[in-house]
Amino acid sequence: MTSKPPHRVSKVPRHGVARVISKLGLGSRTRAAEWVREGRVRVNGVVVHNAELPVRQGLDRIDIDGRESAPPATRIALMLNKPRGLVTTTKDERGRATVYSCFADAALPWLAPIGRLDKASEGLLLFSNDPVWAAHITDPSSGPAKTYHAQIDRLPDAALLADLEHGVMSRGERLRARSARCLRGGEKYAWLEIVLDEGRNRQIRRLLEALDVSVLRLVRVAIGSLPLGELAKGRWRMLTRKEMDSLFNGRRIPS
């Protein structure tokens, strides 16, 4: 009689407890780390003080202030027209104004930014308390394309547009645009429309810099089928469920 091989339990990846709290949509990673340092977090009944302590999301019990952590029951997302000069973070160590100043007078639950826009960039920025939906938006293999309008310090020719789509090497990374076209030009300056499949750090600025082109303004005008539209600078609005589903490849977000 042959014995059956032992049943193997699939491995669940471990992440730092502060990161897991953030992924659950309960607070920023920085804020979660503060809770850990203050002794407000227990893992499997034991108080922890190390924000990087590896835990298994969904298997290890994480309590904050004596209450078991769980993802928010209601998914919400909002869009902000980010003004120039704000940094995309919850708390800046250098004391700079952040995007959360736009929500100062709003009674909102914790919402994490989905991707980033650098300090000098403007336009459409999404926030949500749903880490699953957020991960889909930022996934370069399945997420929606991002559309930008860039004002540059020269008039583009066909060669420049071709180079943007072909791509360049920058700091060991190959950067390219899905598409690039000239929207309008004047005597010295022009506006380009650039569409990206992915959102690497300062990708458009680095891409144009590698081609000896300076960016004067950079505005994200759409994410997938969701346009910035007429939303005023510094203002925000909630997304409808239909809009959230449309960004999830047109499929209904799983419950």
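The values are calculated or read from the model by the stated rules, or taken from the named source; none is laboratory data. All values derive from a computational prediction rather than experimental measurement. Cβ coordinates were reconstructed from backbone atoms using ideal geometry, including for glycine residues, and neighbour counts include every protein chain displayed.
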Yes or no: residue 233 more than 20 Å from residue 120 (Cα to Cα) and out of contact with any helix residue (DSSP H, G or I) (no Cβ under 8 Å at 6 or more places or on another chain)? no
Filtering the stretch 145-189 down to residues that are of a type in the set (A, V, I, L, M) and buried (at least 19 other Cβ atoms within 10 Å of the Cβ) yields 150, 152, 160, 164, 175, 177, 180
Can you name every residue in the stretch 169-178 that is under 19 Å from residue 146 (Cβ atoms) and out of contact with any helix residue (DSSP H, G or I) (no Cβ under 6 Å at 6 or more places or on another chain)? 173, 174, 176, 178
Checking the conditions here, which among 161, 125 is modelled with pLDDT of 95 or more and under 12 Å from the mean Cα position of the chain (by Cα)? 125
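Return the residue satisfying two criteria in turn: it lies in the stretch 195-240 and is farther than 27 Å from residue 98 by Cβ and in contact (Cβ under 8 Å) with a residue 12 or more places away in the chain, and of such residues it is surrounded by the fewest Cβ atoms within 10 Å (Cβ to Cβ).
This residue is 225.
Residue-by-condition table, conditions (1) within 22 Å of residue 204 (Cα to Cα); (2) hydrophobic (A, V, I, L, M, F, W, C):
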site	(1), (2)
84	yes, no
88	yes, no
93	no, no
112	no, yes
143	yes, no
150	yes, yes
168	yes, yes
How many residues does the stretch 115-160 hold that are over 24 Å from residue 80 (Cα atoms) and free of Cβ contacts under 8 Å to residues at least 24 places away in the same chain? 4
How many residues are among the charged types (D, E, K, R) and out of contact with any helix residue (DSSP H, G or I) (no Cβ under 9 Å at 6 or more places or on another chain) when one looks only at the stretch 62-114? 9
